[in-house]
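Note sheet for the following structure.
What follows is calculated from the coordinates using simple rules that are stated; it is not laboratory data. In this text the structure is predicted, and so the values were computed from the model without any measurement. Counting neighbours? That spans all protein chains shown, and the Cβs are built from the backbone with ideal geometry, glycine included.
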Amino acid sequence: MERRLDAILSSFAGQEHELIPILQQVQRELGYLPREAMLEVAQFAGVPESRVYAVATFYAQFRFTPIGRKHVMVCRGTSCHVRGAPRILEEIERQLSIKEGETTPDLSHSLETVACIGACGLSPCIMINNKVEAKLTPKKVAVLLRKAGDDD
């Protein structure tokens with residue numbers, strides 16, 4: 001990880017105003033923001049570790065745990081909500097034994113909700129690794145997740 005961080009940091013001057021682009025690049029490279037990386041960024045930018053943490057926690061784009069190989073995003077937009085998204089989310093949580101915002105211990109799946117995925121006419125929807133799965137029911141979710149697990 002240290003080599004990868006050095007490569008990222010070498011393209012920056014090490015100033016506080018670069019924190020967001022640095023953290024974005026670290027996350028793009030590592031998939032999340034490990035504690036060690038944030039400590040290194042703080043040293044590089046000459047700011048307290050608390051400042052890096054404050055910036056990273058302020059923006060929803062940053063994550064502090066790795067995402068699973070299957071990244072499941074449940075739409076919670078109005079159309080999806082009205083057509084059963086809460087039941088879909090409950091079924092996914094049951095099937096994967098994780099809650100929203102968590103990743104399975106084996107890193108096979110992560111689960112989050114998003115405001116809208118832009119497929120309202122196909123609601124309720126989820127995305128698995130950028131592929132939209134539409135017109136879901138709890139029963140379809142169980143089959144879909146079993147099938148997605150077979151792809152590992």
Over the Cα atoms of segment 70-150, each weighted equally, I'd like the Debye log10 I(q)/I(0) at q = 0.16 Å⁻¹, rounded to two decimals. -0.49
5 Å is the cut-off here: which amide hydrogens, built 1.01 Å from N in the peptide plane, fall below it relative to residue 33, excluding neighbours closer than 5 in sequence? 63, 64, 65
Here the relative contact order (percent) of the chain, from C-alpha pairs under 8 Å and at least 6 apart, is 20 percent
Distance between Cα centroids, segment 90-123 to segment 1-62: provide it in whole Å. 27 Å
Provide the per-residue ³J(HN,Hα) series for segment 91-98, in order, calculated from phi with Karplus coefficients 6.51, -1.76, 1.60 and θ = phi - 60°, each as a whole number of Hz, with x at glycine and proline positions. 5, 5, 4, 5, 5, 8, 6, 9
Cα-based Rg of segment 2-58 per 2.2 N^0.38 Å, rounded to two decimals? 0.96
For segment 70-150, what proportion of DSSP beta bridges, expressed in % and rounded to the nearest 5, is antiparallel? 55 percent
Under-5 Å amide H pairs with residue 113, H placed in peptide plane, nonlocal only: 74, 101
So if R0 is 35 Å, what FRET efficiency would residue 50 and residue 78 give, r being the distance between their Cβ atoms, rounded to the nearest 0.05? 0.40
Per-residue Cβ neighbour rank within 10 angstrom, fewest leading, 123, 79: 79, 123
Helix-only [θ] at 222 nm, the chain, -39500 (n - 2.57) per DSSP H run of 4+, per residue, nearest 500, equals -14000 deg cm²/dmol
Hey, what's the Cα Rg ratio for the chain versus the globular rule of thumb, 2.2 N^0.38 Å? 1.22
